Every structure is written in structure tokens, then in C-alpha cells.
Amino acid sequence: MSRRSLTLLIAGVATLVAVAVSVFVSVPYVILMPGPTLNTLGKDSSGKPLITITGHQTYPTSGNLNMVTVSYQGAPPPNTGVNIFQALRAWLDPHEAVVPASEIFPPGQTAQQTQQQDTAQMAGSQEQATAAALSALHIRYTTTVSVLQVQKGTPAYGVLKAGDVIATVNGTAVTDAGTLTTLITGHPAGTVLHLTVSRGGASVPLSVATRQVDGHPVIGVEVQQGYKFPFTVTITVGNIGGPSAGMMFALGIIDKLTPMNLTGGKFIAGTGEITAAGQVQPIGGIQQKMVAARDAGATVFLTPAGNCPDTAGAIPAGLEIVKVATLSQAISDLEAIKAGKPVPSC
């Protein structure tokens, strides 16, 4: 074989190997793409309302208050990731993004664990959205603080149990997780606190001392905040997870509970995590969500104020961006849009 032929053969083999590696070897990245968008005032594919309210008067609605989502391609080992060609194609697509897999899947966490976490966040966002909506409408509800887990080796271990609802500390009602923290840290480490908890339907008095950890008195429990509402709000979105639809859920609930008709018949979409107090917090994938909203027909998009820098240069034609920081502001902005008045933008 001539030297030239040998050189060409080696180059050909090297090229084939490079192509094979590019196709079959995955890279540690995930591709973000515009995902499904659902009208919180409408119905799902099976004809079931996304938001169902029972036990309270509701009103007819019109238009769209769409929640938006992001789809992704790629997963951590041992699942199939994306190859170099796929990552390059997505990087060149203005509607997609390529991000490190660690942003979607924390190190050591499987895709299944991530899905479970997203599901839990979705459930939490629905409760937060209901609480925020009722707060905005001045409808009273009860907040509960329950023990999620007790840390071994801490004062609470063997005293408190997972599922205990902490009602009082030294006779003061525990109205939320922040109040519990204040009641614990408001006394020097070593103080014995007298608690009343609800356990199995019975009220149980308990005593537990505090211990100083990282400069703060603690008892050693992880808690979660829950709510008891005066009527039932059910939100059905299938297998969609994550907390970012909270604001749109809250707006959908308010629109159904009042005759105000927030949309004015327009196609509104938006995103943002919500707190029970009505604060709208920034989320990920804002650029892909704007694209999903516009593709679905939205002309107005409510975006968290904290995401405004991420919208620069990526706003689809024909989509008006409205900057919101609170649920009450979102309501005011929608009323202004109906009246043809200016609203804040990014």
C-alpha cells in the first residue's frame, strides 16, 4: 500500500471513529425546549377542568390564563444523554438552550428522583397558589406546621415524630414556619420549651430543650407548612412538575372565584413561583417559556421581575412582556390592560 493510500485510510478511520464518538457518546448537557402550555381557566385533554372549586360560588370565565412549561432532552447516567451533534444543533437554535446537566439533575440524583422532586414542588405550588389567591381575596384559612422529619441525636429525637402538627410553643400559637423559628430562637440555647402538638387527632403536651448549632438555638426538626382551606380547590395538570406555575394557578383561582374577568377575553400567559404571601419569584427557562406562550397564541406574558434580565433580546415578536413582583400587581396589571392603560415592562 502506498504512503498516500495509507494516510487516506488512517484519516478515514479516524473520521469514522470521531463520528461514532460524536453520535454514541453522550455529553453532560441537557437541551431545554419550549414545553406544553395549559389554560388554567380551561380543560385538559380529557375534558376535565384544570381548576375545580367546590364549596364556594364560582363565576364564568373567558379568555386564557396559560401556564407554560419547559421540556428537556437528556438525562443523567445510566439514562441516555445528548450527543455532540444534538447539543450543537440546539445551541444554534434561538428557541432552545444547552445547559449543564447538573442544573437539572443535582449530582448523585437520578432522573426518577428528580421527577419525584418536581412532583412534590408542583403539589406545594398548588397549595401556595391557593393560599395566595385566598389571601388576595381576604378569605380566611388556617396554616399548619407539621414535622417532616426529626434529626437523630438532637433534643427533639424521640420526643417529636414525623407527622406531628406543632400547635403552640410556650402557649403561643404557631401560625407558620417563621413563627416557629422565632419562638425557638427567641430563647437562649438550653431552654426547655413546652409544646402542644396534634398527634393522631389528639392534643399532646411535650417538652423539649434547645441546643446551639451554628450559633442558633435549635430543637432538631425539619418542618413543612400546610393549609386548611374553607373550601376545596383541585388543580389537575397531569405529569407536569415544578413550582413555576404558581402565579398562573393563583390568577386562575381568583378569576373563577370573582366576577372580575381578569383576561378581558384576551390570551394571557405567564410564569412565576408564588408564595402564600403573594410574592412572585423568578424561575428557570424563561426564554423557552416565552416562545411556548407565543406559539400557543398568547399576546401578553406575565414574567417575574427577577427574570427581566433574562428576557433581553429573546422576546418573540407580537408578545407584550409585563413585569410583575406580586400577585396583587399582576391583578392590577391585568385590569389596566383591559382598560387600555400602560403597564410595566422589562
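What follows is calculated from the coordinates using simple rules that are stated; it is not laboratory data. None of the values given here were measured: they were computed from a predicted structure. Heads up, the Cβs are rebuilt from the backbone with ideal geometry, glycines too, and the neighbour counts pull from every protein chain shown.
Report D for the stretch 189-299 in µm² per second (integer): Stokes-Einstein, Kirkwood Rh on Cα pairs, 20 °C, 1.002 mPa s.
In µm²/s, the coefficient is 116.
Any chance you could run the full-extension gain for K48 through I240? It's 0.36 nm times the residue separation minus the Cα-Cα distance, nm to one decimal.
67.6 nm
Which values of log₁₀ I(q)/I(0), to two decimal places, follow from the Debye formula for the chain at q = 0.10 Å⁻¹ with a uniform point scatterer at every Cα?
For the requested q values the scattering log ratios are -0.75.
If you add up the charges near A276, with Lys and Arg at +1 and Asp and Glu at -1, over every other residue whose beta carbon is less than 12 angstrom from its beta carbon, what do you get?
-3
What does the charge add up to near A245, with Lys and Arg as +1, Asp and Glu as -1, over the other residues with Cβ less than 14 Å from its Cβ?
After counting each charged neighbour, the total is -3.
What ranking, highest mean first, results for peptides 187-193, 330-336 when packing means the other Cβ atoms within 10 Å averaged over each residue?
The peptides rank, most packed first, as 330-336, 187-193.
Net charge near N64: determine it from the other residues with C-beta under 11 Å of the C-beta of N64, scoring Lys and Arg +1 and Asp and Glu -1.
0
How much length would be gained if the chain were fully extended between F85 and D295, taking 0.36 nm per residue of separation minus their Cα-Cα distance, in nm to one decimal?
73.0 nm
Could you check the spin-label model distance between T232 and S102? Points 7 Å from the Cα along Cα→Cβ, value in nm.
4.5
Under 23 Å between alpha carbons: how many lysine pairs meet that in the chain, if sequence neighbours fewer than 8 apart on the same chain are excluded?
17
So if R0 is 25 Å, what FRET efficiency would K152 and T172 give, r being the distance between their Cβ atoms, rounded to the nearest 0.05?
FRET efficiency, K152 to T172: 0.35.
Quick one: among V30, V99, V204, which has the greatest mean-square fluctuation in a GNM of the chain with alpha-carbon springs under 10 angstrom?
Greatest mean-square fluctuation among the candidates belongs to V204.
How large is Rg/Rh for the stretch 142-228, to two decimals, with Cα atoms and a Kirkwood Rh?
So for the stretch 142-228, dividing Rg by the Kirkwood Rh gives 0.92.
For the chain, what's the relative contact order in percent, using C-alpha pairs closer than 8 Å and at least 6 residues apart?
Reported relative contact order: 21 percent.
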